[in-house]
Every structure is written in structure tokens, then in C-alpha cells.
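Visitor: This is the structure I have questions about; it appears just below.
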Amino acid sequence: MALWESKTLDLPLLLPEGRECDLCVDRLRAALLRIAGVRSADVDPSRSRLVLTYDPSLLSLDHVERSAEQIGVDITRRIQHDALPVTGMDCPDCALKIEKGVQRLPGVLSAQVNFTAARMLVEFEAPQVGRGDLVRRIESLGYAVGGPEASAESRSLWMRWRAYAATAGAGLFLLLGFVARAVVPENPIVADALFGLALASGGYPLARTVPASLRAFTFDTNFLMLLAAVGAAAIGDWSEGAMVMALYSLGNSLESLTMERTRRSIRAMLTLAPETAHLVDGDHEHDIPARDVRPGQLVRVKPGDKTPVDGVVEQGESSVSEAAITGESLPVAKGVGSTVYAGTMNGDGALLVRSTRLPEETTLGKILHLVEEAQARKAPAQRFTERFGRVYTPLVIVAAVITGLVWPLAFGLPFALWFHRALTFLVVACPCALVISAPVAVAAAIGRAARQGVLTKGGAALEALGGVRCVAFDKTGTLTTGRLSVTDVVPAPGFCAEETLGLAAAVEVHSQHPIAQATLERAAGQGIALPPSEGFRSVPGRGAVARVNGATVRVGSRAYLEAEGVSTDSLAGESERLAGKATVWVARDGVVAGALTVKDTVRPEARDTVERLRAAGVRHLVMLTGDDEATARAVAATVGVDETRANLLPEQKVDAVRDLLRRYGSVAMVGDGVNDAPALAAATVGVAMGAVGSDVAMETADVVLMGDDLTRLPYAVHLSRRMLGVIRQNIVFAFAVVLALVSGILFDRIGLAAGVLGHEGSALLVIFNGMRLLRNQEKNREAL
């Protein structure tokens, strides 16, 4: 019978740029489980930690550790991840075309392109394919990959202006064609030639993408519109074909302009750090690029300037707006020893700041990276609309072929009439508005949330947050401030309160425990002079002991004192004062001297947050804590949660979350992102509280509340549900427009030009509806 052992190993498992990849974690776990003698492998990529359960009779610990490390290093070296900005996309079908084209490259494991964010996330095996191969494939499909920001912006601008010029040409030739038809009606060749030029001008940019579409086996909207225009010209209706191209080109240009405004609005919501820093070197001060500042160097932040680095204030006082990081509009006072973050706005005072991080590792840099990556990841609603479009578009083509060719030939109907109807059907039934309905809303919501200090790991996390039916809170640091304070001093007979407090503080002066700090703060506040103490010794998990004025003084739990032979019966009459509070007992030379009650301050917004969540439709609110039952009940009664589970170890919190998942189906766990990491990972959505400056919190949770304002949680839930509402509105509207236009075709009420107008108009309205999420929702957050 195997005797299994579990070991925790620290391994170099961090992926490039600190990105967490679930697929790579799964690959590592699967490779480890293939080793004979390994029973289980649990990987925590955020802390580069691996917990292995193995049979020591088959494997030595050294062998397991070497194998695990080698596998981790091999995966990290072999599999690369990249995020590429893509320019030139004018519709969601373009994103699908790029995805398919890139995924056909040998060595590409996955590729997903977000049209709204104009970014591609790609995972590939480095020996088989490189970034250059990816760029060449994207360019062969008719698109471009942005390099430096200025270069990418310039190239994107050029491509847009080229499209605008094609639109202007199509419109001009179309107008001249109608003028020629009116002026020289006896010579239709002139008008048809001008209509042909309009078709060519508007259709040329689309025709350039046709070969790439055929290679990628993607019949996108551009291809269908071009087919409709050419088909109209083929049956002699040159004016109709020209109108299709001119209107579609105009709609495309408006869509491109609107989407670019959306992207700019999202980017503008994240205040960037300044490009230069005022470096202080001895008696000299000069400006250098902020990206060149190294940890340990001093920079001066003048009044009204943005802070260029993450660092610690060495000199000066000021108030700093941290809205770019936490979303909090009120400035925060900063002095010597205070931490400041890149991108925050300095107030009236000058600060001398010592840099503590590389520019790419600043909190703002990590926020920007997370937001960019979140926009590139797709939400379930977005994946649904894309999958639907992939099935729907071929069906539209088949239906059009039946309508325009099979139907008139089979039943002897007028060919020109039914062919024209088929072309119109191709135009109006394109699912452009449907496919774009989700990504524009998701991108806008992610950008708006980031501006309010709420970071999400993609649209899936934000969408899941809106569907949670149960919220579980950690207590310390989440529902409470995490700062302990002494609330009562209860002396035993023969002692006064000052003496009891002084004895406890004399022992605790040697300790760094939070209870010790609270005791010392209470003693200092009452002006108590501490007697000298020596021989301090900590008893982990129980208390501490020291010699105070020659007497042995013990401070700790009741069980600790009773185990040392100290009776606490003399305080039996104080049970009501001590009930529901954490109690620290004090004894001198084997005689109880009294007790201190310690309390963690409940956040003032905690109860309001619970009530807002309940009003938003969250069915069950739970508090999970490692504190004793009495303390937990007291906090629970203050904040108003429905259920309390106390005396929980970290692994027991995980069990509690899993039980809630079984009962309610969807659970959000709110914690500090470090101690509660296992429970955060077990929940449907893990929410890290007050994570500003915390790398672990950002990497662990699905949703990160950067500031200490708990009311951002109901705000995030409200925004998520509003986003889902907008997506539903867009989908219903897109379907309704298609049904209305198709009905118009059946009753011969809609021609090609009107069909194009309805198609492009519906896409623009869907975009505008999604952009509403970009508006400032601060009033909504306060009204929740």
C-alpha cells in the first residue's frame, strides 16, 4: 500500500511578462501526472508554487523537484504568448478572418482577435513559429500589425484616410452618374460608366480583401456586399450596384470612425504616466525619459505634475489624486515614508520620491497591461454571437442561391426579379450588427470599470460577476478595516485598569503582532508609562511572557493562562462585558490581573454594501472567517450578512465556497487576494479587495478593487448587469432589423440601396448603444 507524501515546492513557473495562462498550467499539471508515482499536482502560478503528492517509495523528493522544475522551464521556454495590435479591421468578420488565417500557421496553439480592442492574443510554440511569421501572415490577409504607438497610429490613420478617399470617390461618381442620366438620358452609357467608376472606387478596398477571405474560407460581409454590387451590375442595373457600394462604403467609414472614437475613449480613461521625470542626482537636477528611471533613483514631483514612478516619499508633503489607480476622486495626503504610484496627480506641494520599481513594473503599468489583455479576451456572450455568425452566414449564402437561382429556374419565375431579391437578401441578412453587439459593450464596460478602480480579467469575469447569486466575504481586511483596537480594559480584583493595561503593554512592546500594536496604541493614548521588561518569549498561537519589574507577566488566551495554572474565576462576573469580543488575558506571578477586549473596526460602508448587493438581487451573503464564533457573530450582526462561518482555516474556506457553489450555482468570493487566494480561485468570481500596489492580488483574482472602498463591489455588479442588458438589447435589435428587412424583401418593399442603408444603420446604432457604457456612472454608483 502506497504511503503518499505532500510537498510544497517553489518553482520558476511565471509566464512571460507575468501573464497567467491556464492552458500552460494545465500542460504542466498533465506532464507531472504522467510521472510514475505522482498522485496529484496543484499549481499556483501567481506565487510560482507547486503542491505535489507522491509515493516516496517510487520517487525521491530531489527527483520530483528536478523533474517538476525541468518541465516548468521547458513549457515556459517552448510556449510563447504575445498580444499584437492589429490595424485595418473594419468589421467583426475581419477579426474572424485573421483568427482563422493565423491559426493555420504550424505551431500556433490558439489565436483570438477582439475587433473592438483591435488586439490579437496568440499562443505559439517558439521553435516552429515566431512573431515575424505572425506579422507576415496578418499582412498577407490585408491588415497590419502596429509597432511603436506613434507608428501604429500613423499607419492606422493612413488606412482610414484611404478608406475615406474611396468613399468620397464612390459618392462623387454616383452623384455624377445621376446628373449624367438626367442631362443626357438618350445616352445611358455615360451614366453607366460613371456608376461603374463609383462601384470600382467603393469596391476596390473590398476587392483587395477577397483573395484573403477565400484563402481563409471566410465569406465575410465585405465579400457579400461586393457580390451583391457586382451581381446588380451583371444584370444591367449599374446604378443599383453603385448605390450599394457608395452606401456600404459610407457606412463602413462611419463605423470605422465610431469604433476609433470608442477605442480612444477607452484609452483616454486610463491616465498615463508622464513621459519625462525630473531626476535628482546630488546637487544636479535634469529631465530624463520616465522609462529610464531605475529603482533607487530620486525624482522630484513638482506641484501639479503627474508622478512618473512608483516610489516612497523622501522629502516634502502634498495631497495626491490617485484617481488613475483607485478611482477615488478625493486626494490622499502624502508625507515622508508614504507610497506614491506612477500616473497619480500631485497637488500643491513638491515631493522628492525614491523610485522602487522599474517603469514596466509599476502599478499603473500592470493596470494598463491587465486592461489591454482584458479587452482582448472574449466574453461568453461575444463567443456566442461569433459562433452564431459562423453558422448563420453560410446559411444566408445558401438561401440567397436558392432564392436567386434555384427558385426561378425550378418554377419558371422572372429571373431578373428574383436574382435582384436574392442580392438584396444577401445584403440585409448579413449578421454584422449581431456580431458586433457584444464586443463593443464589453470593451466599453471594461474601460469604464478601470476608470472607477475596478479591474477585470476579461469580459468573461465581468459577465460572470453580473450573474452571481451568492457573495462570500472574508472578514478581516474586507468587511473590517484590519486595524485592531482595544475597546475595554477589565481589571481583576486588586488591580486597576491602568495597571492591567501597563503590564500587558510592557510585554507586548517586544512583539509585532497586530494585537500588540493595538495594546501599545491604547497605552500611549492614555499616557501610561511602561515599566521595564526583559526576557520576552513568544508562545506562537497562544500568547507571550516576559519579566516586568522582576515579576513574570503572561499575556494571551484564556486557555494559555489556565494551562500555566492561572485561574480566571475572579472575572467570572464580567462575562457579559467580554462576550462577543476577542479577549486577551493578563496574569502576574500566577494571578490573573485582568483582560483586554480587542476589536477589529467594521468598515463604515460594509452594511451599505451588503444592502446594495441584496437590492441588486444577490440571494445570499456569507461571512467566512478564522475568528471565533462570538467575534464573528458580532461583526455579522453589524453588517447584516445572512450566514456566518467561523473558525475556518484557509482550506476550510475553500470547502465552504464549494458548498455555496453547490447550493447557489454562482458565487463571488471577496478577500484580500493573498491569504484568501485558494478560496478566490475556487469561486465563480474571485474579487480582491484593496489591491493597490499588490502584485499577488492582481494575479490571483478575477476582479480587483484597487481601492479600499467596498462600495465598488455593488457598482461592479451593477455595471456588469447593465452591460448584459445592453448586449441583450443589441442582439434583439439586430435580429428585429434583419426580420423587418427580410419581410420588406418578401413584399417587394425594399431594394438593394435601402437594404444597405438598413444594414449599416443597424450596425451604427448597435455601436452607439454599446458606447453608452463609457459614460460616467459615478452617480449611478452612489445611487445603488
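Visitor: Taking 0.36 nm per residue of separation and subtracting the Cα-Cα distance, what length does fully extending THR356 through ASP628 add?
Guide: Using 0.36 nm per residue and subtracting the Cα-Cα distance, I get 94.0 nm.
Visitor: For VAL135 and ALA207 in one chain, what is 0.36 nm times their gap in residues minus the Cα-Cα distance, to one decimal in nm?
Guide: Answer, rounded to one decimal: 23.8 nm.
Visitor: Moving on. What do you reckon, how do TRP161, TRP238 stack up by accessible area (1.4 Å probe), largest on top?
Guide: TRP161, TRP238
Visitor: With every protein chain left in place and a probe of 1.4 Å, what is the accessible surface of ILE35, to the nearest 10 Å²?
Guide: My reading of the accessible area for ILE35 is about 40 Å².
Visitor: At a 1.4 Å probe radius, which order do HIS63, HIS759 fall into by accessible area, largest first?
Guide: HIS63, HIS759
Visitor: Still on this structure: Using only alpha carbon pairs under 8 Å that are at least six residues apart, calculate the relative contact order of segment 590-664 and give it in whole percent.
Guide: It rounds to 28 percent for segment 590-664.
Visitor: I've got another one for you. What size of dipole, in debye to the nearest 20, comes out for segment 472-524 about its Cα centre when the only charges are +1 on Lys and Arg C-beta atoms and -1 on Asp and Glu C-beta atoms?
Guide: Once rounded to the nearest 20, the dipole reads 180 debye.
Visitor: As I understand it, the dipole of segment 472-603 uses +1 on the Cβ of Lys and Arg and -1 on the Cβ of Asp and Glu, about the Cα centre. Which of THR597, VAL548, VAL566 lies farthest toward its positive end?
Guide: Positive-end residue among those listed: THR597.
Visitor: Using a basic spin-label model with each label point 7 Å from the Cα along Cα→Cβ, how many nm lie between HIS286 and GLN729?
Guide: Result for the modelled spin labels: 5.6 nm.
Visitor: Taking Cα pairs under 8 Å and at least six residues apart, what relative contact order does segment 425-565 come out at, in percent?
Guide: 14
Visitor: Would you kindly find the accessible area of LYS100, with a 1.4 Å probe and non-protein molecules such as ligands, DNA and RNA excluded, rounding to the nearest 10 Å²?
Guide: 60
Visitor: Please check which bits of segment 492-518 a label hung off GLN526 would reach, taking the label as a point 7 Å along Cα-to-C-beta and the cut-off as backbone N under 16 Å.
Guide: Under cut-off, by backbone N: 492-509, 516-518.
Visitor: Something else now. Rounded to the nearest 20 debye, what is the charge dipole size of segment 428-548 about its Cα centre when +1 sits on each Lys and Arg Cβ and -1 on each Asp and Glu Cβ?
Guide: With only Lys, Arg, Asp and Glu charged at Cβ, the dipole is about 520 debye.
Visitor: Which pairs break 21 Å Cα to Cα here: LYS334/LYS475; LYS97/LYS457; LYS366/LYS653; LYS475/LYS599; LYS302/LYS366; LYS302/LYS334?
Guide: LYS334/LYS475; LYS97/LYS457; LYS366/LYS653; LYS302/LYS366
Visitor: What ³J(HN,Hα) values, in whole Hz, does the Karplus curve 6.51 cos²θ - 1.76 cosθ + 1.60 give for segment 740-757 when θ = phi - 60°, with x put for Gly and Pro?
Guide: Couplings: 5, 5, 5, 4, x, 5, 4, 9, 6, 9, 10, x, 4, 4, 5, x, 5, 4 Hz.
Visitor: What is the distance in Å between the Cα centroid of segment 296-318 and that of segment 78-135?
Guide: 40
Visitor: Return one whole number: the accessible area per residue of segment 385-529 in Å², for a 1.4 Å probe.
Guide: Accessible area per residue: 36 Å².
Visitor: To the nearest 10 square angstrom, how much accessible area does LEU279 have with a 1.4 angstrom probe?
Guide: Accessible area of LEU279: about 20 Å².
Visitor: May I ask for the distance between the Cα centers of segment 516-572 and segment 437-466, given as a whole number of Å?
Guide: 51
Visitor: Taking amide H positions as placed 1.01 Å from N in the peptide plane, with prolines and chain starts having none, which residues 5 or more places from PHE473, or on another chain, fall under 5 Å of its amide H?
Guide: Correct list: VAL622, MET623, LEU624, VAL670.
The values are calculated or read from the model by the stated rules, or taken from the named source; none is laboratory data. None of the values given here were measured: they were computed from a predicted structure. So basically every Cβ, Gly included, is an ideal-geometry build from the backbone, and we count neighbours across all protein chains shown. For accessibility, only protein heavy atoms count, side chains too; no ligands or nucleic acids. Shrake-Rupley method; radii C 1.70, N 1.55, O 1.52, S 1.80 Å.
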